[in-house]
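Reading through the structure tokens given below for one structure.
The values are calculated or read from the model by the stated rules, or taken from the named source; none is laboratory data. All of these numbers come straight from a predicted model, not from anything done at the bench. When we count neighbours, we look across all protein chains shown, and the Cβ atoms used for this are built from the backbone with ideal geometry, even at glycine. For accessibility, only protein heavy atoms count, side chains too; no ligands or nucleic acids. Shrake-Rupley method; radii C 1.70, N 1.55, O 1.52, S 1.80 Å.
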Amino acid sequence: MLNRKAIINQLYNTIINCEPITNFTIGLNGKWGCGKTTIIKNILRIMDNNALSDNYVIVNFDPWKYDDEKVILKAFLNEILSSVHYSSDESIKETLIQNFINLLYDSKLLSLGNLLAKELEKINAEPEISNIVNNYLFNNNKKMLIIIDNLDRIYAEKSLFLIKCIDSIINFKRTINVLLYDEDILNEFLNKKFNNGKNYMNKLVQLKIDVPEVDSYTLNNIKEKITNNLLVNGHPFIDFINKEKYEFDNIRELKRYLNLIISSIVYNESRLNNEDDSNLKYIKSVCPKLYYEILENKQYFITYDRKYDYDNYILDYEKFNNDTKSFYNELFKNQEYKKYMHILSKMFPSIKNYSEGYDPFNMYNDIDAYNESIIKCKICNARYFDLYFTHEENDFIRLNKDVNNLIDMINNKEELEKFFIGLISEYNDETLKVFVEILNINLFKINDSNALKVIICLYENENLFKHRVLLFEINSYERLCIVIADLLSKITEAEFNNFKIHVKEDYKRLHLIYKINYWVNNNKKKNFKYNFDFNELYNEMCNKILDDNIDIYLDKYYRKGNIWAIYHFDKNQTKKYVETIVNNNNIYNFLSDLISVSVSISGGLKQYEYSISKENIEALSENIDIDNLKNNNRDKPDAKHLLVDEVYNLYKTNKDAFDNEVCTNEFIEL
């Protein structure tokens, strides 16, 4: 595919027909990524197929892996001795190699200037290693093929040191050296250091074979042939590459990109967004420095759920937008980076906004775009950003999987409740909140025919969802109400009538019905369509309680907030109703209903604030002698009672104040 057949044939024929008495050096010259290493691999494969490999001792050495000259030489000699099967005792090889290194450095020819001046002939003793290798080659009628790659990727000193060792110090016979390098880069290094790099290489290399760069037509042809049979989500990957207009300067960039993609498909089960993952891998392949700019400056790339990246939470959007624009201005001064702005715009809304002349970040995000960032696990969401670089899993990915598993269960099996309870019983409050958020976003995946059974399951297990007060967030209980309200739009009138029969006398969950009704009415403003009027159920339950004077403070009916559900149905009648049911036995539950809870941050710590407002007292208890009922209460005091007393007493001493809160560091559920 690379049109390298002529070069492969030339080099192959040279190697197999070369009969050097001492050594013969071939230079394979070409730009980085033009396919030099691939040419060598093909030649070794052909030699193996033609049963010629056994005629050679093949040493394939990459000096780029090693740090300094001594380490390079030691590793190189070890490779050669191992190739000629010299002693299985590592200590013997180690001693032999060290003796040679000592011989070289004891000659005081420590400077490479001396090496280049060819003063190595001053070493009188012929190294023992040369005798060992040459005897092995002669006795076994073999030639030695030494391949040294990446000469242009190490410092000039290291390159020349190794080359001179082969050429002048180690007197191997019957040896063919193949050196892989970019002549321009290597000569530039050598000229800076020694002023005669080109002349030296011309003397050293007896046959130079040039490998031309791959033209764009050939590169695109390779890209199509490789990717046309590669499927991602059931579609040819070539379609995606062409759509994204990926361009590669050389074959190595293309290979690096495809290796990253294939390894991701085979090993990556974290369900990241394929397009974002592919785009990031492309940038890593063709412009690694930009890749690391993104990684190290994530605050300028994450748009959604920054609350999960505490170091990058935004309060002052004006200042942050100015900082971001300054960062982008500096970043895209680099024309190399600017080439990829169209790809970055697809990954990061902040870049797209910037490129179109808008502020990168908005205080209020488009809800559809936000939901998509969660469903598709996009890189612009703080939940997933780090995973694109680590390719690990986190709780957000696991919760996505849990939600999808639950939806599969809903759509394909009947035994829902047991699976559901088992799933969420392992969650803490925060995890449950995120779980039900993700479920809410994925409700469109639930078949309409299964919606009613999900509604009933959630309704029956609403006690698992917490009323905990959160800062600028919806708690899991409130989100549950939203989920049920959304699911109700999927059911028929007949199904709703079945639901009514199931719940209409379940007064303990009246507050839940009230909240669902609130979100149903809210959905209607957003053009949700319902096949029934949910208000009817709420109204019927409230009317029944008021008309029959059903005591919702009885244990079988009590749930905090129920009284407010009745109050919002009929405020005047509720006042009279309250006077008939509140007594010394339920006074603390009643007071709990009067207490409001809020949350704030003080000194970097979360603080819960409990208070009774004058408005709440006037709304429900103007004619109730609270103090008398409290005094006659015989309940055993607990933490709830003590907090209620403290809040109520504070209210009594300062009824008109706005700061009459009792503050706690831990949330106490009333």
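With a 1.4 Å probe rolled over the protein heavy atoms of all chains, the accessible area of F172, F189, F138 falls in the order F138, F189, F172, largest first.
A 1.4 Å probe over all protein chains sorts K65, K652 by accessible area into K65, K652, starting with the largest.
Oblate is the label for segment 440-482. Its Cα gyration tensor axes, ordered a ≥ b ≥ c, give a/c of at least 1.5 and b/c at or above a/b. Remark: accessible surface ordering of E372, E478, E646 (largest first) is E646, E372, E478, probe radius 1.4 Å. Placing a label point 7 Å from the Cα of N405 along the Cα-to-Cβ line, no residue of segment 453-491 has its backbone N under 16 Å from it. By the gyration tensor of its Cα atoms, with a ≥ b ≥ c the square roots of the eigenvalues, what is the shape of segment 539-625: rounded for a/c under 1.5, prolate for a/b over b/c, or oblate? Since a/c reaches 1.5 and a/b is larger than b/c, the shape of segment 539-625 is classed as prolate.
Checking the table K490/K614; K298/K490; K526/K556; K466/K500; K255/K445; K466/K614 against a 31 Å threshold on Cα-Cα, which pairs fail?
Numbers: K490/K614 42 Å; K298/K490 40 Å; K526/K556 36 Å; K466/K500 24 Å; K255/K445 38 Å; K466/K614 27 Å.
Those over the limit are K490/K614; K298/K490; K526/K556; K255/K445.
Look at the alpha carbon pairs under 8 Å that are at least 6 residues apart: their mean separation over the length of segment 337-388 gives a relative contact order of 23 percent. For R398 and N461, the FRET efficiency from 1/(1 + (r/R0)^6), where r spans their Cβ atoms and R0 equals 25 Å, is about 0.75. The simple spin-label model puts a point 7 Å past each Cα toward its Cβ; for K418 and N60 those points are separated by 5.7 nm. A crude spin-label estimate for the pair T664 and E188, with each label 7 Å from Cα along the Cβ direction, gives 6.9 nm. Taking every alpha-carbon pair under 8 Å whose residues sit at least 6 apart, segment 388-502 reaches a relative contact order of 27 percent.
If you stretched the chain out fully between N322 and D448, how much longer would it get, using 0.36 nm times the residue separation minus the C-alpha to C-alpha distance? The partial results should precede the final answer.
Details: separation 126, 0.36 × 126 = 45.36 nm, distance 4.68 nm.
Difference between extended and current length: 40.7 nm.
Stretching the chain fully between K298 and E94 yields a gain of 68.6 nm (0.36 nm per residue, less the alpha carbon separation). The value of relative contact order for segment 552-631, using C-alpha pairs under 8 Å at least six residues apart, is 31 percent.
Quick one: grab the alpha carbon gyration tensor of segment 587-645, order the square roots of its eigenvalues as a ≥ b ≥ c, and give me rounded if a/c is under 1.5, else prolate or oblate depending on whether a/b is larger than b/c.
Values: a/c = 3.79, a/b = 1.55, b/c = 2.45.
Here segment 587-645 falls in the oblate category.
Our note on the geometry: Cα centres of segment 45-92 and segment 331-346, 44 Å apart.
What area, in nm² and to one decimal, does the C-alpha convex hull of segment 377-424 cast on average over all directions? Let's see the in-between values first.
Working: hull surface 15.6 nm².
Across all orientations, segment 377-424 yields a mean hull projection of 3.9 nm².
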